[in-house]
Amino acid sequence: MDEKSIGKTNGIMRRTYLILGLILAVVLLMQFIRPEKNLGEIETQEDFLQASGVPDTLARIFLNSCYDCHSNNTRYPWYGNIAPASWIMGRHIREGKAHLNFSSWGIMDKAQKISRLDKICEECSGGDMPLKSYLLIHRSAGLGPHEIEAICTWSEQEARAVMSAGE
Amino acid sequence: MKIRFWSILPVAMIILAAAFLSWRDIQKGSEIPEDVLTILSTHCYTCHTTGARSEDALKKVDFKKWDEYNDVKKIGILNDIKEVAEKGEMPPAKYLSRNPDKALSAEDRETLIEWTKKASAKLME
């Protein structure tokens, strides 16, 4: 190799290190922005599991497939602290809870409960929930046809019960 | 020219009759009061009646099918209307940027919210 091409290789190396260093710096800086963790209580009187008449078999499904984003308590994976994974999770949880928070079931009015019960069946049977991206990592959260049928049968029955119940 | 006019007339009449019948369908039978209907038809029907382009919007609610929904579904939709009216989520901001005249006034929202409360209470009687 002549001197000229050695100089050229050094230039490329230097540039590569610079870019890698910059990426590393950005990733490190990203870690300083941390969404608030969702680590509240779910064993409360207001929680769906207590406040509704959901049977144990279904309660287990809801806990396993829905509660990470639709309650006050998320079971975080090991990378739950690392940005950008933590950001994506934070957004899913925030949006999930805005639509339905099982932890505040007890303080919803009748219409809100009926609306949620109707949508629970709709989202599950339409394949919209659990989210595809969630299922990629949580294989066991997937719902089979029998589970979906059980959810829909129960939620419709519960909606009727809420409808005819007194205040 | 004359012949052509007379051949178009029956077609035109059928179209008009169909339009009238479907319009009357939306109006009659629904327990939706007049003032609410006016708001819904002005601000919501573009996307939320049969024939609209967005499948997603129709899946949420198709006002043309209101009478076909069962009570649970109706209460669910009424609750959705109440929530989006309260939060100002509908019509969507993206749509409003192109159609600013479609925005709901505070008064419109109040009318909708009051109606949803009354209507769902009635359904739960």
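Values in this text are rule-based calculations from the coordinates and carry no lab data. What you see is a predicted model, and the numbers here were worked out from it, not measured in a lab. Positions of Cβ are backbone-derived with ideal geometry, glycine not excepted, and every protein chain shown enters the neighbour counts.
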Next item on the list: Select from chain A the helices, each a whole stretch of DSSP H, whose alpha-carbon atoms run 15 Å or more along the helix axis and whose Kyte-Doolittle mean is at least 0.5; answer none if there are none.
Entry: A:3-30
Next item on the list: Check every DSSP H run in chain B and write down those whose alpha carbon atoms cover 30 angstrom or more along the long axis and whose mean Kyte-Doolittle hydropathy is 0.5 or greater.
Entry: B:2-27
Note to self: Under 5 Å between amide hydrogens, which residues at least 5 positions from A:ASN73 or on another chain qualify, with H placed 1.01 Å from N in the peptide plane?
What the structure shows: A:GLY40
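Volume per residue, Å³, of the convex hull around the alpha-carbon atoms of the range A:48-164? Walk me through the numbers before you get to the answer.
Values: hull volume 11.4 nm³, N = 117.
Output value, Cα hull per residue: 98 Å³.
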Next item on the list: Only Lys, Arg, Asp and Glu count, each charged at its Cβ (+1, +1, -1, -1), so figure out the dipole size of chain A about its Cα centre, rounded to 20 debye.
Entry: 1040
Next item on the list: Determine the gain in length on full extension of the stretch B:ARG98-B:ASP56; use 0.36 nm per residue of separation and subtract their C-alpha separation, reporting nm with one decimal.
Entry: 13.2 nm
Check: Which of the listed residues, B:TRP6, B:LEU37, B:ASN70, is farthest toward the dipole's positive end in chain B, when Lys, Arg count +1 and Asp, Glu count -1 at the beta-carbon?
Finding: B:TRP6
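Could you work out the mean count of beta carbons from other protein chains within 10 Å of each residue's beta carbon in B:113-122?
On the way: counts 0, 0, 0, 1, 2, 0, 1, 7, 2, 0.
Partner Cβ neighbours, averaged per residue: 1.
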Next item on the list: Quick one: P(r) of the range B:54-125 from all Cα-Cα pairs, 5 Å bins, percents rounded to integers, in order of increasing distance.
Entry: 3, 15, 22, 25, 20, 10, 4, 1, 0
Note to self: Can you pull out the GluC sites (Glu not before Pro) in the range A:1-67 whose DSSP state is coil and whose Cβ has at most 10 other Cβ atoms within 10 Å?
What the structure shows: A:GLU36, A:GLU43
Checklist line | Dipole in debye (nearest 20) - the protein assembly as shown, about Cα centre, beta carbon charges: Lys, Arg +1; Asp, Glu -1 | finding: 1420
Next item on the list: Mind checking the range B:42-125 for trypsin sites (Lys or Arg not before Pro) that DSSP puts in a loop (not H, G, I, E or B) and that have at most 10 other Cβ atoms within 10 Å?
Entry: B:ARG53
Note to self: Quick check on the exposure proxy: order A:SER71, A:SER140, A:SER155 from fewest to most C-beta atoms within 10 angstrom.
What the structure shows: A:SER140, A:SER155, A:SER71
Next item on the list: Partner chain Cβ atoms within 10 Å, averaged over the residues of B:65-77 - can you pull that number for me?
Entry: 4
Note to self: With a cut-off of 8 Å between alpha carbons and a minimum separation of six or more residues, what is the relative contact order of chain B in percent?
What the structure shows: 23
Item checked: Structure-based [θ]222 nm, chain B - -39500 (n - 2.57) summed over DSSP H runs of at least 4, per residue, nearest 500 -> -22000 deg cm²/dmol
Check: So which chymotrypsin sites (Phe, Trp or Tyr not before Pro) in the range A:15-110 pass both tests, a DSSP loop state and at most 15 other Cβ atoms within 10 Å of the Cβ?
Finding: A:PHE32
Margin query: So, R0 is 22 Å and r is the distance between the beta-carbons of A:SER164 and B:GLU68; what FRET efficiency does that work out to, to 0.05?
Written below: 0.50
Item checked: Sorted largest first, extent of chain B alpha carbons per principal axis (Å) -> 57, 38, 26
Next item on the list: Would you mind calculating the relative contact order of chain A from Cα pairs under 8 angstrom and at least 6 residues apart, reporting the percent as a whole number?
Entry: 24
Notebook entry, point to check: Taking chain A as a whole, which cysteines find no other cysteine Cβ under 4.7 angstrom from their Cβ?
Noted result: A:CYS66, A:CYS69, A:CYS124
